[in-house]
1. Check whether at least one residue in segment A:248-257 is closer than 20 Å to A:Ile349 by Cα, surrounded by 16 or more Cβ atoms within 10 Å (Cβ to Cβ) and either away from chain B (no Cβ under 11 Å) or among the β-branched types (Val, Ile, Thr) (or both), and report yes or no.
2. How many of the residues making up segment A:56-77 are surrounded by 14 or more Cβ atoms within 10 Å (Cβ to Cβ), among the polar types (S, T, N, Q) and closer than 13 Å to A:Arg17 by Cβ?
3. In segment A:271-308, which residues are within 36 Å of the chain's Cα centre (by Cα) and open to solvent by less than 20 Å² (accessible area, probe 1.4 Å)?
4. Would you check which residues across segment B:83-98 are at pLDDT 75 or above and either facing another protein chain (nearest Cβ under 9 Å) or assigned to a loop (DSSP other than H, G, I, E, B) (or both) and list them?
5. Tell me, which residue of segment A:189-202 that is of a type outside the set (Asp, Glu) and within 14 Å of chain B (Cβ to nearest Cβ) is least open to solvent (accessible area, probe 1.4 Å)?
6. Need pairs with beta-carbon distance below 6 Å; first residue over 15 Å from A:Gly4 (Cβ atoms) and within segment A:63-80, second at pLDDT 85 or above and hydrophobic (A, V, I, L, M, F, W, C); sequence gap 6+ or separate chains.
7. Looking only at segment B:111-118, decide whether some residue is away from chain A (no Cβ under 14 Å), at pLDDT 90 or above, surrounded by fewer than 21 Cβ atoms within 10 Å (Cβ to Cβ) and within 23 Å of A:Pro171 (Cβ to Cβ).
8. Test A:Glu268 against the criterion of being exposed (fewer than 15 other Cβ atoms within 10 Å of the Cβ) and within 43 Å of the chain's Cα centre (by Cα), and give yes or no.
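The values are calculated or read from the model by the stated rules, or taken from the named source; none is laboratory data. Quick caveat, the model's predicted, so the values are computed rather than measured. Note that we place each Cβ from the backbone using ideal geometry, even for glycine, and neighbour counts take in every protein chain shown. Keep in mind that these areas ignore ligands, DNA and RNA; they rest on the heavy atoms of the full protein, side chains included. Shrake-Rupley method; radii C 1.70, N 1.55, O 1.52, S 1.80 Å.
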Amino acid sequence: MLTGLAVVGVARFLQQRQDFENATARSYQREIEARNDLAAGRQPAIARTTIESQQRQRQVLRNEISDETRDTALLVGAGLIAGLTGAALLFTGLISSMRRPLEDLVEASGRLASGDLDVRVKVGGLSETATLGGAFNEMAEELQRRAGERDQLERMKDEFVLTASHELRSPLTSVQGFAELLLLERERLSPRQAETVEVILDNTRHLVRLLNDLLDLARSDAGRLTIRPEPTGAASLIEEAARTMRAQLDARGQELRLQVDADLPEVEADRDRIRQVLVNLLTNANEYCPQGAQIEVKARRAGAEVEIDVIDNGPGIPAEQLEHIFERFTRGDAGETQRVGGTGLGLAISKSLIELHGGAIGAESNPGSGSTFRIRLPAIAHERAEAI
Amino acid sequence: MARILVADDSETILLLLRTRLEMEGHEVETASDGEDVVTAVLRDPGSHDLLLLDAMMPRKSGLDALRELRENGVETPALIVSAHTDGGNGAAHSDLTIAAYIPKPIDFDRLFAKIAELTGG
């Protein structure tokens, strides 16, 4: 409207200017005619009066147009100022009505990105920001729904693994138990029968290991893999693990040597779990090394930690496999001639377990000359004080 | 040798346990759920040297049966056989004075050693 006023002002100004120029031109025309009469000596008195009156009239016209020009300029100026002010006010209103919802959206996006899936924005303001807010809320809703579905699936998976592991354990107990029972009466079996029963037993134990590994993994994923640490001497754990492995090592003619420092400090450890890790490392050495290989377990104090190395002189692990060796379902290439009964989960679980103890596990290998797996566990505090 | 009450809802596991325990010279009585365990023990408290109970059984679990027996003043040592590898939640059942959890599949050497320890050889 104010812009319209300015346009009207400018138009009026142009009209007045035209009128002024027409009137001035007519006045000059009359004066010229009067001057011609004067020069010709026709009614000189009237001619002089006309000349003077035309000059006065033009002065009046000039004054009038000057006033009109000033008024019009003022009008246009006022119109422009009012227009600009109005526009500025309008834009300020517009910007502030957009800014608030946009600020809310920015904040909500940040919270959504950091995992707060409950976040929603108030939908309002201009239609564009309202649409944006609505779309944001729909997106958050969808994300929340999918996250819910994923969590539910994860829970179902964990529940399934737990239930399956539980339900399979009873029949496996029977199979393993009766196979063991048969072997107790080995002298009444033919060599072939005894061998058959041993195959049943081997495979049952493998299934049990697989179940235990899957269970540990499901627990680890659900954050429910727990340890019950107590002050423990690593030496006795190493001896127990060695005893557990004796039969398998003997079966492959492998020699196991233990070298445990006498002043080994105690560690805060869940005995079953650390033994499980040691048995896992020894089982790997047993299965991946050839007949007659040499395996060594060394334990020593290293600063505030106890270091346990499981060393073998087997075929070693190629660098590209070594990189991924603690990842799930990674299994070494044992060659076609060897029987390897691993699940591909043992080292991944071992790593989780050692890390739960606040320790670390790593592997080194020279392909062709063997591998070393090193466990580091923090020594118990008072032992650590003595070490300093 | 010891008089042992063994309870499990699986007949094959009962047969396995009975066979192995009898081969070791123990006297075995069996039950197929917690109700039977409570009835058998309360009929003649003190007639068993050891209870070997499956943690999960229909009608009444081994843990519930043991709770009922403890409430009735039965102090017979008890071993709980559990399919859960973490041995159930030990801390939650500390009032039941469970001598040990025996995980499935059963390591019979460890079971026999435990029985010998609890029944004085």
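1. Here is the first cut: in segment A:248-257, the ones closer than 20 Å to A:Ile349 by Cα are none.
Scanning segment A:248-257 turns up no residue that is closer than 20 Å to A:Ile349 by Cα, surrounded by 16 or more Cβ atoms within 10 Å (Cβ to Cβ) and either away from chain B (no Cβ under 11 Å) or among the β-branched types (Val, Ile, Thr) (or both).
2. 2
3. Selection gives A:Ile274, A:Val277, A:Leu278, A:Leu281, A:Val306, A:Ile308.
4. Passing the criteria: B:Ala83, B:Thr97.
5. The residue in question is A:Leu201.
6. Close Cβ pairs (under 6 Å, with a partner that is at pLDDT 85 or above and hydrophobic (A, V, I, L, M, F, W, C)) amount to A:Ile65/A:Phe20.
7. no
8. No.
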